[in-house]
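Asker: A single structure is presented below for examination.
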C-alpha cells in the first residue's frame, strides 16, 4: 500500500466540485533538499474533460550519483468520481509500469488530502512530529510501509 499526503498552508476553504483538491490545482515546481539521489522537477494538477477529471502529470529528474546514471521519473494520475459514489478515486500510472488505485481522504479544513492505495495486505505508515514550542511545524519522522505475512 502506498500513501501520498499533501498539505496546504494559508489557503482559503475551497468551493468547487473538487473542493478537497482545489488547493493543488495549478503548475508546481519542486523546492528543497534531500539526501543522496536528490532530484528536481515539478508537477501540474489540472482539470480536464470539461472538469470531470483532474489530471496530475509529474516529472522528477535525478543527477548521476553513487555510480548510478542520471535518470528521470514520470507519472500520471487521474482523479475522478464514480457514479453514485460521493468519494473521490484516483488511478496512477508511471514509466516503471506501476498502476495504483487510490481513494481520496480529505481533512475537514480542506488543507490536507491523502491518496490511500487500495489493498488488503499492505499498509502505509507515516508518523509526523512537531518540535516543542512549534506546534504547526510538523516534519515526517517515519515514512514506511508494511506487508502482511500472516493472518
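Asker: Could you figure out which of (1) within 27 Å of residue 139 (Cα to Cα); (2) in contact (Cβ under 8 Å) with a residue 12 or more places away in the chain isn't true of residue 108?
Answerer: (2)
Asker: Then there is this: I need a count of the residues in region 127-151 that are modelled with pLDDT of 70 or more and assigned to a loop (DSSP other than H, G, I, E, B).
Answerer: 11
Asker: While we're on this one: I'm told residue 40 meets every condition in (1) modelled with pLDDT of 85 or more; (2) in a strand (DSSP E or B); (3) more than 19 Å from residue 107 (Cα to Cα) except one. Can you identify the failing condition by its number?
Answerer: Answer for residue 40: the failing condition is (1).
Asker: So, one more: If we keep just the residues of region 104-113 that are surrounded by 15 or more Cβ atoms within 10 Å (Cβ to Cβ) and either under 17 Å from residue 86 (Cα atoms) or at pLDDT 85 or above (or both), which is farthest from the chain's Cα centre (by Cα)?
Answerer: 110
Asker: Can you tell me which residues in region 112-126 are in a loop (DSSP other than H, G, I, E, B) and under 22 Å from residue 54 (Cβ atoms)?
Answerer: Hit for region 112-126 is 118, nothing else.
Asker: Scan 124, 60 and give me the residue that is modelled with pLDDT under 80, touching a strand residue (DSSP E or B) at 6+ places or on another chain (Cβ under 6 Å), farther than 22 Å from residue 19 by Cβ and surrounded by 13 or more Cβ atoms within 10 Å (Cβ to Cβ).
Answerer: The match here is 124.
The values are calculated or read from the model by the stated rules, or taken from the named source; none is laboratory data. Treat the numbers as computed from the prediction; the structure is a model and nothing was measured. Every residue, glycine among them, receives a Cβ derived from its backbone with ideal geometry; neighbour counts consider all protein chains shown.
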